[in-house]
Amino acid sequence: MSIRPLPGEAEGVEASAIPEKNRIGALVVAARNQIPTAPASPGFWVGERLYSSRNRLEIGSVAGVGSEIVIDIYVWTLDVDAHERERIRGHLSQDERGRAARFVTQRDRERFVAARGRLREILAKYAACDPAAVAFNYNPHGKPRLRGGGPNFNLSHSENLAILAIADSAEIGVDLEAIRPLREDIAERFFSPTEVLELRGLPDDDQVKGFYRCWTLKEAFVKAVGMGLTLPLDGFDVSIAGPPRLNRLASEFGAKEDWSLVQLEPSPGFVGAICCRSGGLSLHLRRPPT
Ligand SMILES: CC(C)(COP(=O)(O)OP(=O)(O)OC[C@H]1O[C@@H](n2cnc3c(N)ncnc32)[C@H](O)[C@@H]1OP(=O)(O)O)[C@@H](O)C(=O)NCCC(=O)NCCS
């Protein structure tokens, strides 16, 4: 899940190699009754809103130069009925079933099954095989790839919602966060001084959403790179207000202009971001039927 609980908390899973500095779970004020719930039907896209380097736009194209990179975006609810969950569970490998079993709460077990099973169903269409036959390789930081080749993909889930971005020919990362109340000093703990300055310049009412915009853009980048939160979040800058872009980047990751960022609101109460190593090419964003 995107907001990662710390050891000893009731939810979540698996020990991680994420530096303490990059964990925000304990800093999020738990206020379950304030968590927005996503619509119940699968395959929805509420609002059809995206923020890109051209500000708000419908699903379509993000300008670049020359030919384009096609990105397919899928959004689905993780709260499915027992019958559907059992059907989806049938796709999971032994490893995945074992992983599901290690979640502390039943709700997290069920949501993991709904995320992983649906991921397999979607990827199976691209790999032209059965969902159960989809096989993954993982990089040293856990980023999955399709074994045997195929498009790049990345998954994110938060609360009861999942988002999957599939790019035909580029490294991709995606992040999704449910907007929840935050402790006031959280930006100072994770963001660069430049980002904190930009965030604090926003009106009071935009502070929480601004935080999540910044967080999701940064996490989408570290997921596109494949290092996840082992990469220090204050080691690069993204823009917070206005068109999303990388403002500062270490040379080992290439030129800032090689990376495209898209901000989106896949459902009320959620903020998401996609990062793609586009090499300056245009992005063609699609929402295929589920
Ligand atoms: C990747 C990471 C940022 C995801 O954080 P999160 O906010 O909890 O989770 P999200 O919902 O956004 O994304 C989870 C999905 O990202 C993908 N993912 C996992 N590791 C990834 C990585 N290094 N880069 C990109 N994507 C990754 C998986 O599909 C995962 O789905 P799953 O949990 O169902 O397997 C975080 O787990 C991390 O930093 N991991 C690296 C830790 C590490 O190096 N571990 C080494 C041992 S594997």
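Whenever a residue of segment 154-165 is within 16 Å of Asp108 (Cα to Cα), its partners that are near the ligand (Cβ under 10 Å from one of its atoms) and among the aromatic types (Phe, Trp, Tyr), lying with C-beta atoms within less than 9 angstrom and at least six residues away or across chains, give the pairs His157/Phe112. Restricting attention to segment 259-286 and to residues that are surrounded by 17 or more Cβ atoms within 10 Å (Cβ to Cβ) and of a type in the set (D, E, K, R), the residue that is modelled with the lowest pLDDT turns out to be Glu265. Would you confirm whether any residue within segment 222-232 is more than 10 Å from the ligand (Cβ to nearest atom) and either at positive phi or part of a helix (DSSP H, G or I) (or both)? The answer is no; no qualifying residue exists. Could you tell me which residue of segment 136-191 is modelled with the lowest pLDDT, considering only residues that are of a type in the set (Phe, Trp, Tyr) and within 14 Å of the ligand (Cβ to nearest atom)? Step by step, filter segment 136-191, then rank; the result is Phe190. Out of Thr105, Thr194, one residue alone is away from the ligand (no atom under 16 Å from the Cβ) and in contact (Cβ under 8 Å) with a residue 40 or more places away in the chain. It is Thr194. Apart from one condition, Leu202 fits all of (1) within 16 Å of the ligand (Cβ to nearest atom); (2) touching a Gly at 6+ places or on another chain (Cβ under 8 Å); the exception is (1). For Asn154, the conditions (1) part of a strand (DSSP E or B); (2) over 27 Å from Ser282 (Cα atoms) are fulfilled apart from (2).
The values are calculated or read from the model by the stated rules, or taken from the named source; none is laboratory data. A quick note: this is a predicted structure, and the numbers were derived from the prediction, not measured. For neighbour counting, all protein chains shown are included, and Cβ atoms are generated from backbone atoms with ideal geometry for every residue, glycine included.
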